[in-house]
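Just so it is clear, none of the values below were taken in a lab; they were calculated from the coordinates. Please read all numbers here as calculations on a predicted model, not as lab measurements. Heads up, the Cβs are rebuilt from the backbone with ideal geometry, glycines too, and the neighbour counts pull from every protein chain shown.
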Amino acid sequence: MSVEVRVPTLGESVTEATIATWFKKPGDSVAVDEMLCELETDKVTVEVPSPAAGTLAEIVAEEGETVGVDALLATLDAGDGASDGGSKDDAEEKPKAKPDADETPAKGGNGSTDVMVPTLGESVTEATVATWFKQVGDAVSQDEMLCELETDKVSVEVPAPCGGVLTEIVAPEGTTVDAKAKLAVISGSADGTVEPGPRPDASEEKAQASSGKDVEDAPAAKKIMAEKGIDAASVKGSGRDGRVMKEDVVKAAAGSAPAKTESPAQAPRAPDAAEDADRIERVKMTRLRQTIARRLKDAQNTAAILTTYNEVDMTEVMALRNTYKEAFEKKHGVRMGFMSFFTKACCHALKEVPEVNAEIDGNEIVYKNFVHMGVAAGTPQGLVVPVIRNADRMSFAEIEKAIGEKGRRARDGKLSMAEMQGGTFTISNGGVYGSLMSSPILNPPQSGILGMHKIQDRAMVVDGEIVIRPMMYLALSYDHRIVDGKGAVTFLVRVKEALEDPRRLLMDL
């Protein structure tokens, strides 16, 4: 039976890869999960395992070729290779395939239940185990939180699928796991009626954590370690079950390389390590913070970001809000804030200047005849941008309810991936933190973001007289590749006009 070997999923926004190395030749016998070849993308190196045991019949994509996702790499003659040549004992020792996450709780032997990684969301293929709330030997009840996972976007809590005793932690804190990995094992009945077993000795627990799983390191990783004389025990693996990958060895080699020395005249004064050591704290960046950093830098490197400023007199909006806020809250059950006014004003302006609501896709400009409004929110975990879909069709009350609900979910870390995707324009309110003026950074692939700031009483000249008015600076950052200066200024002026005379929104002016 012929089995096809295809390019695996390469990650979000990655569409192609280059064949770097083939580890096997046509005619070679291969075992299940044995590495066949290595692909290189613009972000990472991906190794392709064999989907079945057999013989490598044909290599379709040679080294150096560029291939897309799901492209055919090779074909196997299944059943003719390593699986048939092995002994009966070898076949019995072959590990069973991991159950799908959809089938959890997965039943193991002796009344045990496997704790699997829950659904992480579309396009999310891995997570990092951030915190274990339970230890081996602890009794747990059904739905009690066992651990917390961190993905590129959100934190995910993992509840116990049944009651019992936590007998094994397969993925300790800091481990990167894929979407179908096993995290732990719970023993006991569903009601948790089982006597807690003895806790493992501390030294044994430490040894288990340091030794990792009995897995084969990546062939490319072993090759580099051999060439550079690096001890495998000194390299922390980031692959499945602690498997050492090529990039892990590269990082380890770079970290152990001696630093370049400079002459005393050129080198800056280094801090006294002995004096400052007890006042320095190093904390590993969370996956969310790493993603935020990468995306913001990518935005600066990709888009031609320019910012234009204006100021708005908030007198009319504040008067309207003060007049109707009690009646509004009584009828709709939500407080009237400023965000609904700004959302409405932006939706109104985007109709006149649609390029601010568009995005670049290759050599094309994609215009959106709808507004999915992103509302940037600061949380203890970092900046997130939940999306209010079809905001242009919502009433003031619907917008306030949606923003309030998304804000609560963001602070609690309960936002799903779907709730933070698909935005066409973003509003960021730095004024809640006291910011007087700033230049917001685009949220790719969007072409515009409006920055709100604090309301401050200032002396203004109105009809030839100096009066005190509540003023706010507005900042529109936009992608100059598709938005001209005229369009950006027009957009900001329309927002200003709508806020200084809210009746224009009702009259569609």
Q) Each residue of region 446-459 in order: what ³J(HN,Hα) in whole Hz does its phi give by Karplus 6.51 cos²θ - 1.76 cosθ + 1.60, θ = phi - 60°, with x for Gly and Pro? A) 5, 10, x, 8, 9, x, 8, 9, 5, 8, 9, 5, 9, 7
Q. In which sequence would MET472, MET460, MET373, MET35 go, from the one with the fewest C-beta neighbours within 10 Å to the one with the most?
A. MET460, MET35, MET472, MET373
(Q) Explain nothing, just the number: dipole magnitude of region 318-450 about its Cα centre with +1 on each Lys and Arg Cβ and -1 on each Asp and Glu Cβ, in debye rounded to the nearest 20. (A) 640 debye
Q.
Under the rule of at least 5 residues apart or a separate chain, name every residue whose amide H is placed under 5 Å from the amide H of ARG481.
A. ALA304
**Q.** Cβ-Cβ FRET estimate between VAL60 and GLU40, R0 fixed at 25 Å, reported to 0.05
**A.** 0.90
Q: Obtain the nm distance between the two label points defined at LYS331 and MET437 by a simple spin-label model: each point lies 7 Å from its Cα along the Cα-to-C-beta direction.
A: 3.9 nm
Q: Could you line up LYS134, LYS414, LYS297 from fewest to most neighbouring Cβ atoms inside 10 Å?
A: LYS297, LYS414, LYS134
Q: Let me know the charge dipole size of region 344-394 about its Cα centre in debye, to the nearest 20, where only the beta-carbon of Lys, Arg (+1) and Asp, Glu (-1) is charged.
A: 320 debye
Q) Stretch HIS480-LYS251 to full length: gain in nm at 0.36 nm per residue minus the Cα-Cα span? A) 78.7 nm
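Would you mind counting up the charge near ASP457? Only other residues with Cβ under 15 Å from its Cβ, with Lys and Arg at +1 and Asp and Glu at -1.
Details: positive: LYS454, ARG458, ARG469; negative: GLU311, ASP313.
Every neighbour counted, the sum reads +1.
Could you please rank TYR478, TYR473, placing first whichever residue has the fewest other Cβ atoms within 10 Å of its Cβ? Walk me through the numbers on the way to the answer.
Details: TYR478 28, TYR473 20.
By the 10 Å Cβ count, ascending, the order reads TYR473, TYR478.
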Q | Other-chain or far-sequence residues with amide H under 5 Å of ASP28's (modelled H) | A | LEU56
Q. Along the positive direction of the dipole of region 289-507 (beta-carbon charges: Lys, Arg +1; Asp, Glu -1; about the Cα centre), which of SER416, GLY485, VAL317 reaches farthest?
A. SER416
(Q) Expected output is a single nm value to one decimal: the length gained when fully extending between GLU4 and VAL493, i.e. 0.36 nm times separation in residues minus the C-alpha distance. What is it? (A) 170.2 nm
Q: Per residue of region 415-423, in order, report the coupling 6.51 cos²θ - 1.76 cosθ + 1.60 (Karplus, θ = phi - 60°) as ³J(HN,Hα) in whole Hz, putting x for Gly and Pro.
A: 5, 8, 4, 4, 6, 10, 10, x, x
Q: Starting at the first residue of region 45-51, write each ³J(HN,Hα) from the Karplus equation 6.51 cos²θ - 1.76 cosθ + 1.60 with θ = phi - 60°, in whole Hz, x for Gly and Pro.
A: 9, 10, 9, 10, x, 6, x
Q. Which of the residue pairs LYS25/LYS180; LYS331/LYS414; LYS325/LYS401 have a Cα-Cα distance greater than 20 Å in the structure shown?
A. LYS25/LYS180; LYS331/LYS414
Q: May I ask for the net charge around ASP501, where only other residues with Cβ less than 12 Å from the Cβ of ASP501 are counted and Lys, Arg are +1 while Asp, Glu are -1?
A: 0
Q: Within the set of other residues whose C-beta is less than 11 Å from the C-beta of ILE365, count the net charge using Lys and Arg as +1 and Asp and Glu as -1.
A: -3
